[in-house]
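The values are calculated or read from the model by the stated rules, or taken from the named source; none is laboratory data. Computed from a predicted model, the values in this text were never measured in an experiment. Quick reminder, even Gly has a Cβ in these numbers, built from the backbone with ideal geometry, and neighbours come from all protein chains shown.
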Amino acid sequence: MPVARKAFVCILVAVGCTSTAATNVRQPLGAYLRPSASTGPLVPLRFDTSASARVVVRSKAAGLPPATYAAAQAEHGEAVFKKVCASCHPSTQFIGQQFVDTWGDHKLSDFYTLVRGTMPLNDPGNLKEDEYLGVLAYLLKANNAASGPDSLKPDSTLRTRRISVHVP
Ligand code: HEC
């Protein structure tokens, strides 16, 4: 993590400690930048329940039905992840307990918005829609979410589904 980014995150955490309005702010999981990775502009990632520009919202959604994905979509997404995301993120970064604790029972659309709006860091928003959705499907599958007959689609169902993941 660049020093400037670290300072930024620390300030946010400090604010989070002193203000009751921002108690849900947490540090991002972070990324391991490989020496070969080309980095773009810094993206302030911040997790809060109150929405404002450039803030990633993470809403609890325990009452919503679980998000499912089609198996072929997850397969496609794994290839995208390996090609695009793995240059900066070790493939295990978003798989396991930490991901489950961070995103489990939260709205799928919040995670989608984070990834689509900020990643890949060197070219945010510039993958194809089905590539973003594929990566989502792959990460759901990798975290043991159940598959279903339908693919994830870029429509309102993203907002009405919960990330239902667990460690084996
Ligand atoms: C050029 C490097 C780079 C690429 C490529 C990249 N990322 Fe990232 N990503 C980062 C960095 C650096 C951070 C940490 C940002 C921070 O600390 O604020 C990050 C953060 C994230 C986070 C937030 C982690 C958290 O705290 O929960 C997610 C999710 C994520 N990336 C997913 C992806 C996905 C999916 C792709 C592929 C589509 C991708 N990234 C491609 C560099 C990259």
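Just one of the numbered conditions (1) within 8 Å of the ligand (Cβ to nearest atom); (2) modelled with pLDDT under 95 is not true of Ser156; which one?
It fails just one condition, (1).
Table: residues versus (1) at pLDDT below 90; (2) surrounded by 12 or more Cβ atoms within 10 Å (Cβ to Cβ); (3) assigned to a loop (DSSP other than H, G, I, E, B); (4) within 8 Å of the ligand (Cβ to nearest atom).
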{"position": "Pro35", "(1), (2), (3), (4)": "yes, no, yes, no"}
{"position": "Pro41", "(1), (2), (3), (4)": "yes, no, yes, no"}
{"position": "Ala53", "(1), (2), (3), (4)": "yes, no, yes, no"}
{"position": "Gly63", "(1), (2), (3), (4)": "no, no, yes, no"}
{"position": "Ala79", "(1), (2), (3), (4)": "no, yes, no, no"}
{"position": "Thr92", "(1), (2), (3), (4)": "yes, no, yes, no"}
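Here is a list of conditions, (1) crowded, with 19+ Cβ neighbours inside 10 Å; (2) within 15 Å of the ligand (Cβ to nearest atom), and Gly117 meets all of them except one; can you say which number that is?
(1)
State yes or no: is Tyr112 in contact with a Pro (Cβ under 9 Å, 6 or more places away or on another chain) and assigned to a helix (DSSP H, G or I)?
On the way: in contact with a Pro (Cβ under 9 Å, 6 or more places away or on another chain): yes; assigned to a helix (DSSP H, G or I): yes.
Yes; evaluated as a whole, the condition is true for this residue.
Can you work out which of the residues in region 116-142 that are assigned to a loop (DSSP other than H, G, I, E, B) and in contact with a Ser or Thr (Cβ under 7 Å, 6 or more places away or on another chain) is nearest to Leu158 (Cα to Cα)?
Filtering first and then ranking leaves Pro124.
Could you list all residues from region 123-159 that are small (Gly, Ala, Ser) and loosely packed, with under 13 Cβ neighbours inside 10 Å?
Gly125, Ala146, Ser156
For Ala72, state whether it is more than 13 Å from the ligand (Cβ to nearest atom), part of a loop (DSSP other than H, G, I, E, B) and on the phi < 0 side of the Ramachandran plot.
For Ala72, the condition - more than 13 Å from the ligand (Cβ to nearest atom), part of a loop (DSSP other than H, G, I, E, B) and on the phi < 0 side of the Ramachandran plot - is not met.
Suppose we filter region 127-153 for residues that are without any contact (Cβ under 8 Å) to a residue 40 or more places away in the chain, in contact with a Lys or Arg (Cβ under 9 Å, 6 or more places away or on another chain) and either on the phi > 0 side of the Ramachandran plot or not hydroxyl-bearing (Ser, Thr, Tyr) (or both); how many remain?
So the count comes out to 1.
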